[in-house]
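Every read-out reported here was derived from the displayed coordinates using simple, explicitly stated rules and does not represent laboratory data. Note that the structure is predicted; figures quoted are calculated from it, not measured. We place every Cβ from the backbone using ideal geometry, glycine too, and count neighbours over all the protein chains shown.
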Amino acid sequence: MEFLQQWNGLCKTAGRQDHPEWLLPHFCWGIWKERNNRIFRDREEPALILGRKVSKNIKENLQVLKEDKEETGDSEIAKDKNSNLKRQDASWILPPDGWSKSNFDGASKGNPGPSGCGGVIRNSFGEGVATFASPLGSQTNHLAEARAASMVVKLAFEAGITKLWLEGDSKNIINTINGISPPSWSIANIIAETRATLTKFDEVHVTHVYREANPVADWFANAGVNAATNLTWLAGKDFPSEAKSLIDYDKINGRTAQI
C-alpha cells in the first residue's frame, strides 16, 4: 500500500513536469537490479524497501530534469521582468588586486545531447591567464556545468593562483558548491572534487552571475561541444581571435569589485 501511494505521487509529479516517460524505465531498472542482486550476490531485499529505493531514484532524476530546465532559461526567474532588467545591465566585473577570477560554463545541444564545457581565468587587470574547451560527449547541461566548474578550478590551481574568485551563470551549481543546496546524485562526485580542490587555495569567493556577463566562458563551452579533444590555452599563447575580442571587451568595460 505504501509503495502504491508513493507511485501515485510520483506519477502526479512527473506529469506536472512533463516527464511521465521517466517512470516506467526507472521502475523496470529497479526490478532488474533486484533480480541481479538475488542471482549474483545472493542478496534479497523486502519489496517495501525496494519500492522506497526505486521511488527515491525517480525523485532524484526528476529533480535533475527540473534543474536542467532551469539551466536552459525556462525558470520563472528568467521570465521575471525585474530580473530581465538586471540581465540587460549585467557586465563582467574584474577581481580585486591579488585575486584571479575563473568563469565557467557548460553547453548541451539537446539536453541531453552533444555537450562541452569551457572556462577562462583572468587576473585583476582583466588579462587572460588560461582558458580551456573540452568535449563531454552526450550529457545534460546540468552535468556540463558541474564539469566546467571542476575543470576551471583545477586549472586555476595548476596555474599557481592562491586567491580565486569562481563565477558561473548556473545558480544551481553555485548553490551546491557553496553548500546552500545538496547536489543531485548525477553530479555529487564532481561537486565533491570541486570543493576539495577549492580548499587548496588561500582564499576563495564563489558567486553567481547572469549569462549576459559570462560571454567568454560561454564561447569556450560551445567550442568544447565541437572540439575533438581537450584544448587549453595558457598566457603567452594566442587565444582564439573571437574569444580574445570578448576578453578585451570585458577588460575595457569591466569594473573592479571589492570582496
FRET efficiency for residue 180 and residue 202 from the Cβ-Cβ distance with R0 = 22 Å, rounded to 0.05, comes out at 0.45
Quick calc of log₁₀ I(q)/I(0), the range 91-256, Debye, one scatterer on every Cα, no solvent, q values 0.10, 0.13, 0.21 1/Å, result -0.31, -0.53, -1.47
Of all DSSP beta bridges having both residues in the range 91-256, the percent classed as antiparallel (nearest 5) is 65
Links exceeding 27 Å between C-alpha atoms in this model, out of 200/244; 101/171; 109/163; 101/200; 109/237; 154/244, come to 200/244; 109/163; 109/237
Once both label points are put 7 Å beyond Cα along the C-beta direction, the residue 232-residue 39 separation in nm becomes 4.5
